[in-house]
1. Rounded to the nearest 5, what % of DSSP beta bridges with both residues in chain B are antiparallel?
2. How would you order B:147-153, B:161-167 from highest to lowest mean count of nearby Cβ atoms within 10 Å?
3. Within the accessible area of the range C:2-167, what % is carbon and sulfur when the probe is 1.4 Å and the other protein chains stay in place?
4. Through the Karplus equation 6.51 cos²θ - 1.76 cosθ + 1.60, θ set to phi - 60°, convert the phi angles of the range B:592-598 into ³J(HN,Hα) values in whole Hz; use x for Gly and Pro.
5. Summing Lys, Arg as +1 and Asp, Glu as -1, what charge do residues with Cβ under 11 Å from the Cβ of residue B:616 carry, residue B:616 excluded?
6. Assuming R0 = 56 Å, can you tell me the calculated FRET efficiency for the pair residue C:14 and residue C:234, based on Cβ-Cβ distance, to the nearest 0.05?
7. Mind listing the phi-derived Karplus ³J(HN,Hα) values for the range B:179-184, rounded to whole Hz, using 6.51, -1.76 and 1.60 with θ = phi - 60°, and x for any glycine or proline?
8. Compare the peptides B:533-539, B:29-35, B:565-571, C:230-236 by average per-residue count of other Cβ atoms within 10 angstrom and give them in order, highest first.
Amino acid sequence: MSMLVSTTVNGDSMEFVCDASETLLDSLRDRMGMTGVKEGCGTGDCGACSIMLDGALVCSCLVLGAEAEGREIETVEGMSDGSKLHPLQQKFLEHAALQCGICTPGFLIAAKALLEKNPDPTETEIRYALAGNLCRCTGYDKIVRAVQDAAKVMNKKGKKA
Amino acid sequence: MNDDPAYTGQTFKSVGTRPLRPDGVDKVTGRARYGADFTMPGQLAGLVLRSPHAHATIKKIDISKAEALPGVKAVVTSQDLPDVTGGDRELLPILENCMARKKAFYDGHAVAAVAAIDMPTAKAALKLIEVEYKVLKHVTDVDKAVEPKAPVLHKDCFTRGVDPKPEKPSNVAKVSTFGHGDVDAGFEQADVIIERNFRTEQTHQGYIEPHACVASISPDGSGDLWVCTQGHFVFRQQCAQLLGMDVSKLRVTSSEIGGGFGGKTHLWLEPVAMALSRKANRPVKLVMTREEVFRASGPTSATSIDMKIGVTNDGRIVAGDATLRYSSGPWAGSWAMLGAMTAFACYDMENVKTTGMEVLVNRPKTTAYRAPSAPMAAFAVESVLDELAKRIGMDAVEMRIKNAAKEGTQASYGPVYGPIGIGPSLDAAKNHPHMKAKLGKNQGRGMACGFWFNFGGQSCTNLNISMDGSVTLTVGTIDVGGARASLSLCVAEELGIPYEQVKTVIGDTGTLGYNEMTDGSRGTFASSMSAIMSARKAIDEMRHRAAKMWEISPDDVIWEDGHARAAGDTNLPPLSIADIAAAAEKSGGPIAGHTQLVADGAGVSFATHICDVEVDPETGSTRVVRYTVIQDAGKAVHPTYVEGQFQGGAAQGIGWALNEEYVYGEDGRLQNPGFLDYRIPVCSDLPMIDTQILEIPNPNHPYGIRGVGETSIVPPLAAIGNAVSNATGVRMTHVPMSPPRILDALDEASA
Amino acid sequence: MQYIAPEKISDAVEALSQAKGSVHLLAGGSDLLVRMKGGFIEPDVVVDVKRIKSMGKIKKAGGGFSVGGAVSCAEMGDNDALKKAWPGVVEAAQLIGSDQIQGRCTVVGNMCNASPAADSVPALIAADAQAVIQGPKGERRISVAKFAKGPGQTSLKAKELVEAVELPKRPAKSGDAYLRFIPRTEMDIAVVSAAVSLTLGAKGVVREARVALGAVAPTAKLVPAAAKALIGSKLDDAALEKLAAACAAACAPIDDKRGTIKFRTRVASVLGRRAALIAYERAGGKL
Ligand SMILES: Cc1cc2nc3c(=O)[nH]c(=O)nc-3n(C[C@H](O)[C@H](O)[C@H](O)COP(=O)(O)OP(=O)(O)OC[C@H]3O[C@@H](n4cnc5c(N)ncnc54)[C@H](O)[C@@H]3O)c2cc1C
Ligand code: FES
Ligand code: FES
């Protein structure tokens, strides 16, 4: 059965029609053009499809498109402030925390969720918080360092404000 | 123009710095387009039907019901991919792997495919295809496959490489031997000999992006293919040949690639997508699910290796003899051969012999995985060496230093080495603070060495100077993780301009001549050589243009710091690239440099790894607590990305060593085709991975560059095995060293 | 497929009663959508419980807690009172999947999925939790220990749903703990697991105990003999050894891709012992 769904993506109201069994990942990618949200597994194991759904970090491959009705979604496409990159995006670039980059959107969203909850995480906390995001290229070293560095920058900014 | 690729020992301004990569912003904002992110107008959704049987004759396929379903635009089987290869031994298996012909050879082997207006329709159609199988006996284990009673996969497979030709067919497709000296005489001199069998299980490259492509074949015989690949020129060549098209009429555009590690050097879906598109006369998109990736794409070999090494009491290796059985899936490959070539490559040995056997099994076709075949062989060699060192009471590093190959050594696989990095990497390991750090309870330290050949090969690049003096470099090798930054650095260096003024892009197959794939760690080595030559040609051109502008002889124009200067005492102010480019219309048109070459002399690569593990003696669980990679890079063009390669390879090796493996049931079906049960390392499994880059210039490259991508996956299996042995006192001979295997080994030792 | 998201329990029960074909409840979806993706099920109707307000809360009830069927495990971890009273249950719930899975998954879903390896279930059994079930015939309660009937099978009748799980009132000097064995540090399904809940009497002597094991039988199971080994002891070596032996004896596992009989049996003892020690310390016992 097809459904008409109204939702908010990165602050913009959007409407789309999908089959009731379609995942939100497919709706985002195929109906709303948010191909920054990646599919690595479709079964919740890799985190490439990570988004924020009403403030909770989730795998969009394990959400139905229909569930998005009236909810607020944030994806990697909404992370930067205009042309100004989010500190995490900037630090991922500076630390070369991406090689192929397919995992990057998911990591950025998960890392952002972590820092919002825990602005000054230890290395171990970062590693466990990001355990749901698989990266096969980097060995995670530079990703962890980028998150640590971004946390530092964000905390400094936070203090100034 | 200087077209000599020899290393000159120049000092660098750009090369060796760490700028941001040119494709970075697109990748952190979600804008970069990967395989599945592309759509063509009128595109159909494709799906592949796969065999649930490990080995079966396909008696009949009835596609009529599927074809009749509204919305279905094409259904294809092997009949739609007829053999137009003329029985080509290399090509036909590729086709047969993409679409089963008379037999299905493994669980997951494609037998049919559909294209429909949307995914639900395609799914429904798949269910309507009726396949009648006759299930045959199967064999998935590499040792069982060579037993006389094993079911034989191909009745026409008579072992190649043995004399006389065997009378009966078997699953041993090929035997290759390497070595020199007299192994028996060598073992006579030995004070201690250790002989052991080692087994390693099959692993997968585990790239996070599943295979994906969009194909559009038009009735006029031309076509477009968008695909995530490590080599679009190779894909074009093979796809065109398999579908009977003119190579030049097929344009292949490579997407951004979400990891490959060798697994995307091979065709899987592409010919099927093209056959569907040809039949439906519309573009077709095919994307693998994760389950399909595991069941039907590129795993490594599973191996069984008999290793025998002898040393004298003073630590000299006097002989090494190895027989290596590598599974290669249902068709012959060269995987055991590569294992046999690399096994002893780190050492200077008088007597060495290796025999590689390619073993056919009912598993997916083996594909390259980062330094393919070397990690397993190194696991066996480096484990035995450690044990020998212990037996003769010598330090493991010292013993390796004593036997390390050096310039002039004849490699066990034949050639004589130039300047190489094994000795320096061992010296660096010996002096590394990691070696002296204290270990905690239940912890142990291990080290191991690794080797990889590195490849070069055909490359073609274009360098175009725009009217504002900025530069576009177009290359035909895929950037798997930062190569565009490195190539821009090389061009900036050669032209003498800032990195920011050079943009490197990957051209589609219509823009350049043939390029080999990004494999064999060749991407930066070969493309940079070609890019440097292109830059030199452009400089030459600009010298001529400057000469024209100044009305002097080109011989009197020199190139310095990104400027043309008139030689001698003149008042002519130097001309920048921008100055020359701005006047190009009047001096002869656009300025460009084009190069085609075969990059020879990709310097071999060596690494030494050190690792500390902690083993829980009650559960057998092993954690890596510290890890150090030391490797020769020749010249690290962009050191951050070189470190990234070292770290990524080490992490993959750690996963292989501890938890990754294909688990097949009695029924020959893969039991763990997903990331939950095929356990690649997660972030919390690993420590930081320290790196030390050595730079022993490759004499065959203008900047001394060697490939760096692969060697780092070679030592970890053995380094971890040695560390576990030092932590627990038991020698692990079966990879992965999963908790149950470690507990069993501990039990055996205490019994 | 039809998707329904009722806002009241009664509407959900009504929807279950009306639905034709295969009906599935949807909580966090971390099992359901995986099974849909794999083609193992093709629901005709999916009833999403997450918009039912009463199911989205953690309530204090009867001195204990009631955790609604739509409460995500992440929300359980954010509830300090719950964490303080039942640290073992919360840590078990928080071992499920990743942070992403945590944002969605529920202990009710975990229980209803009825995997023998479900992480929260042994901890709920050790805690003597009750499931609150709603159906066309009204409400009923059943002990979590009796809820699962076999792999993938529960004692839910047609048209019933689980509204919440209830955790009993906690006496002073109580503690619980849950441990599982996985080959990695995260993102794995338990190969074997153990939960221990205990209450101390005078002088640190264990007065009451419940021990449960996961992934060693078709369902997670209570092991009374293991509890008995602890009662009356201060977790001395002899008691722990008895506990370990009781855990091993209770195991009736299978060999599968995730573990062997031998390994599971052996590690069940190890985890039982380790969990008991943690629970004991949490209860205020000194070793
Ligand atoms: C990547 C990944 C990792 C995982 N790791 C773990 C792990 O470490 N440990 C673990 O135990 N599990 C794990 N799981 C499995 C799963 O996350 C858990 O079982 C989870 O608790 C299920 O909860 P849910 O709310 O998502 O359930 P759902 O998927 O919504 O539902 C599960 C089942 O229960 C039924 N159901 C849901 N709500 C109700 C209700 N109120 N009444 C009756 N029936 C209901 C559904 O119809 C379905 O059959 C993992 C899953 C994934 C995808
Ligand atoms: S695609 Fe959703 S977790 Fe992998
Ligand atoms: S950068 Fe390739 S998977 Fe993470």
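1. Details: 96 of 127 bridges.
Beta bridges within chain B, antiparallel portion: roughly 75 percent.
2. Numbers: B:147-153: 14.1, B:161-167: 9.7.
So the order, starting with the most tightly packed, is B:147-153, B:161-167.
3. Values: 3190 of 6550 Å².
For the range C:2-167, the apolar C and S fraction of the accessible surface comes to 49 percent.
4. 8, x, 10, 9, 10, 7, 10
5. Numbers: positive: B:441, B:623, C:274; negative: B:614, B:618.
Surrounding charge for residue B:616 is +1.
6. Details: r = 54 Å, r/R0 = 0.96.
E(calc), rounded to 0.05, equals 0.55.
7. Here the 3J(HN,Hα) series is x, 7, x, 10, 5, 4 Hz.
8. Numbers: B:533-539: 24.0, B:29-35: 21.0, B:565-571: 11.3, C:230-236: 17.3.
Descending mean neighbour count gives B:533-539, B:29-35, C:230-236, B:565-571.
The values are calculated or read from the model by the stated rules, or taken from the named source; none is laboratory data. Please read these numbers as outputs of a predicted model, since none were measured by experiment. Neighbour counts run over all protein chains shown; Cβ positions are idealised from the backbone, glycine included. When the accessible area is computed, the model is the full protein with side chains, heavy atoms only, and any ligands, DNA or RNA have been set aside. Shrake-Rupley method; radii C 1.70, N 1.55, O 1.52, S 1.80 Å.
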